[in-house]
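The block underneath contains the structure these notes are about, expressed in structure tokens.
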Amino acid sequence: MAYTPNPPQVVREMLGSMGLRDINELFIDIPEELHLNRELDLGESLSELELRKKMNELARKNVSIDDCPCFLGAGAYDHYIPAVVEHVLSRSEFVTAYTPYQAELSQGVLQSIFEYQSMICSLTGMEVCNASMLDGGSSLAEACSLAVDATRRKKILAAGTINPRYLKVLHTYAHGKGIEVATIPDHDGLFDADEMIKMIDKDTAAAVIQFPNFYGFLEPEIEKIEAAVHKVKGLLIIAVDPISLGILKSPADWGADIAVGEGQSLGNPLSFGGPYLGFFAANKKLMRRVPGRLVGETKDLDGKRAFVLTLQAREQHIRREKASSNICSNEALCALAAAVYLSIVGPKGLRSIAVRCHELACYARSRLQDAGFSLYQVPFFKEFPVRLSDPLAANSALLKEGIIGGYELGDALLFAFTEKRTKKEIDKMVDVLKGVQA
Amino acid sequence: MSKLIFERSVPGSSAFSLPEGDVPSVELQDSLQGFLRESDPPLPEVSEVEVVRHFTELSTKAFGVDSGMYPLGSCTMKYNPKINEWAARLPGIAGLHPDQPEETVQGALELMYELEQMLCEITGMNRYTLQPASGAHGEMTGASLIKAYHEQRQDFRRKKMVVPDSSHGTNPATAHMLGFELVEVRSNERGLVDVDDLCSLMSDEIAGLMLTNPNTLGLFEEEILEISKVVHEAGGLLYYDGANLNAVMGVARPGDMGFDIVHLNLHKTFGTPHGGGGPGAGPVGVKEFLVDLLPIPLVGKKDGQYCLDYDVPHSIGKVQSFYGNFGVMAKAYAYIKALGGKGIREACRHAVLNANYLRHNLSDFYEITYDRLCKHEFVASAVRQKKECGVTALDVAKRLIDYGYHPPTIYFPLIVDEGLMIEPTETETKERLDGFIEAMQEIAKEAKENPELVKEAPTNAPIRRVDEVTAARRPILKWK
């Protein structure tokens, strides 16, 4: 396939109009010794028919969650995606547009982002939300970076129950910027709040908590942390699961200054880890420090309501090295998916999804408890770990039965329960685990 | 004006239902006591048909490559093949959890492994990480590698990063994020890096030079081998910002030019759509001596099985939670497979042909800064129009909207006054290019004869120009 539309005679005509004969004359500014002078070794070009076969072949070498019940979570979740989401995301005016720099031509994109920002504010209770970040981990890292800039302090205190991958990303960002990250140890699935409070001092830029935490548990001491960190004028950053916000307290309810998280659950497919959607919301005081694009409402010359990229003095293309972040491309289409998803499910739908996840998890827990498995006695939302003598063997046994098992934690498997799971699937999963453990 | 989705809300409307539950219901007040929110989040309540109509209406107020020519300089807005969209939505591609056992994702890992090899071949590098999710994210990864390289050598003096005065805003922003002190190298009268100036900036404090080639003026850095020598002799590393790779792919390779680190924009060069701002993907390639520093995991192959390889001794860590924007990788993979080696070079040649054709035909009406052989893009200027008729680059851009074209990038690079940065890409027909030339000619004429018409533009769009000042002074960032 070639997507270059001009046939050879048209190419000759164009070259001729410029007084050129050979297309290679357009490359004489490249020093001779740098010319590749051979064809790239990428194989022959494929027709669309061949390409379709090739892609199908690759896809079929994978086991899709469409064919196997999936109990994996740990930061990426198999929630149901309503058909409307995929339909809207196939509108090529959205798909093939660039960042909406030209407001007059981009009102559709701008308004959809404005609606997305509004919905994330609704969910989190925060006052400002940006147009999206690259994923949950980088969003958390950028939140810490903002906290460091805003407080002119260097120390971040991160709960040890935060998704370890987020912590890894945070460490990479922090090393670059010279930020000190102290990770607070955890016991029995919860971080040591007393230890964190002990460490909070006048050098603390922010305390960072995940809720529900990586293990699916609900951290009980957020109020104490909030009081302690705000007392020294540090910030409170909370990473949340947006689905949980159908029933659980929002970051604003806990007194967070910044709320971040992974928005993949809101209408985006698992896609082997990306593209995902980092959301980033903050209180109004931090508005002018928020990284990335912000869409604002304004008026056009005729006084008609209009939307536009605003507060661009924060951004790299205006401020260069003084920008609040280097972010340029974001995950706009994933944010659109989230906006469509939340429009379809609405407040009651989101609540029902959150409740169903929780009920399924509670059912699984009671079955496991009855079967004598070792479980933590801590409130959870839709995910919890099960201690096993051989987690790997358990997962292999599950896979043999056509079930994608849990996330391996060393001495346990972390199981997630979305609204897609059923009683039957859970019963089977528990039975297989019983067989392995016996 | 479209209503906001919130303004379409009718309490009690619903577009969603779950199957009947078959597990016992739970008393939330017991199981989640102290953690429950007091009321539902204020989301809109809209029926399915109205949700569909709402977003369909919004889509008619958006403009994509499928809507028309999009000569947005530096953004490479080429046609996005539809088969690739189909491929990325396959259940065996979109329906994979990132933590599935390796034996259940062999196809995905094979795709990544092969994509890495193809990117190595195209750019002349030894290995790639596919993890960065955007170009700027790739830059951040690359700059972290530069920092880690010097630190590993116990060389802690190298705190300065050099970028040209014509660079993308992300280059200095990235360098700053990594704690580098920024040093700007001048462009010479030919629009290229001033090598004498570069030499004078070199010292044992230099960490590296970040460069696009061709640069943001669309000009090939002809002295690149000398530049490479200067930077390397001073102990710095050479970083390639791949935003403009479309201009040389298949013809020349950054690896052969002396670059140590390369980031690519799959969403520019390899035909994946921009999605109204993202997602993109920004893989980073390195020469052999930097492989041990790459983010974890890499994609490997062991005993005929593909695997995720976490054994990277001095890795900088992770920059994204998982392995990168896999869905975007699948589209880029399909794109490269469709074109093959020959097609990649053809795409490049046609992109350069189209750019030069536009430059050649616009030079009678607009000043072309550095009017000579360009690569995939060039920078025209409205200085003449501004001086003679008070019509600015912004006005010209807005008037183009009335003619059905997406405007070029304006006021960039910063070293050109009233800049109009034009990149047609290889996927435009001669007829479209001629139409664009005609529109630009017409606008130049209007600027002389009826400048108000141009300054008032657009008049043929869903809205007129917007009040950006009030938007920034009294920001309204959400529905109340």
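The table that follows gives values for the structure above.
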item: Inter-centroid distance (Cα atoms) of segment A:306-322 relative to segment A:218-258, Å; result: 29
item: Packing-based exposure ordering (other Cβ within 10 Å, fewest first) of A:Val232, B:Val383; result: A:Val232, B:Val383
item: Karplus-derived HN-Hα couplings along segment A:140-146 (A = 6.51, B = -1.76, C = 1.60, θ = phi - 60°), whole Hz, x at Gly and Pro; result: 5, 5, 5, 5, 5, 5, 4
item: Rel. contact order, % - alpha carbon contacts under 8 angstrom, at least six apart, segment B:187-330; result: 16
item: For chain A, calculated [θ]222 nm from helices alone, where every DSSP H run of n ≥ 4 adds -39500 (n - 2.57); result: -12000 deg cm²/dmol
item: Distant-in-sequence amide H partners of B:Lys61 (H built 1.01 Å from N, under 5 Å); result: A:Gly108
item: Ranked packing of B:12-19, B:195-202, most packed first, by mean Cβ within 10 Å; result: B:195-202, B:12-19
item: Charge context of A:Arg314, other residues only, Cβ under 15 angstrom, K/R +1, D/E -1; result: +4
item: For A:Tyr98, B:Tyr366, order by how many other beta-carbon atoms lie within 10 Å, fewest first; result: B:Tyr366, A:Tyr98
item: Inter-chain shielding of B:393-403 (mean C-beta neighbours from other protein chains, 10 Å cut-off); result: 1
item: Residues A:Ile237, B:Ile296, A:Ile243, A:Ile318 arranged by fewest to most Cβ contacts within 10 Å; result: A:Ile318, B:Ile296, A:Ile243, A:Ile237
item: B:Leu237 long-range amide H proximity, modeled H, under 5 Å; result: B:Gly208, B:Leu209
item: Estimated vicinal HN-Hα couplings, Hz - segment B:73-84 in sequence order (Karplus 6.51, -1.76, 1.60; Gly, Pro = x); result: x, 6, 10, 6, 8, 8, 4, 9, x, 6, 4, 5
item: Residue-by-residue Karplus 3J(HN,Hα) for segment A:122-139, coefficients 6.51, -1.76, 1.60, Hz, glycine and proline x; result: 4, 5, 8, x, 7, 9, 9, 9, 8, 6, 2, 10, 6, 5, x, x, 6, 5
item: Point-charge dipole on Cβ atoms (K/R +1, D/E -1) for the protein assembly as shown, about Cα centre, debye to 20; result: 1520
item: Shielding by partners, peptide A:221-231 (average Cβ within 10 angstrom, other chains); result: 0
item: Packing-based ranking, highest mean first, of B:218-227, B:444-453 given that Cβ atoms within 10 Å are counted; result: B:218-227, B:444-453
item: Interchain or long-range residues, amide H under 5 Å from B:Leu36's placed H; result: A:Lys249
item: Sequence-separation-based contact order of segment A:35-135, relative, with Cα cut under 8 Å and 6+ spacing, percent; result: 10
item: 10 Å Cβ neighbours from other chains, averaged over peptide A:336-346; result: 6
item: Neighbourhood charge, 11 Å Cβ-Cβ cut-off, centred on B:Phe180 and excluding it, Lys, Arg +1 and Asp, Glu -1; result: +2
item: Spin-label pair B:Leu18/B:Val195, simplified geometry with 7 Å Cα→Cβ offset, distance in nm; result: 6.8
item: Neighbour-limited loop hits for GluC sites (Glu not before Pro), segment A:388-422 (at most 15 other Cβ within 10 Å; DSSP other than H, G, I, E, B); result: A:Glu401
item: Relative contact order %, chain B, counting alpha carbon pairs below 8 Å whose residues are six or more apart; result: 18
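Every number in this text was worked out from the coordinates using simple rules, so none of it is lab data. As the structure is a computational prediction, the values presented were derived from the model and not from experiment. Glycine also receives a Cβ, built like all others from the backbone with ideal geometry; neighbour counts cover every protein chain displayed.
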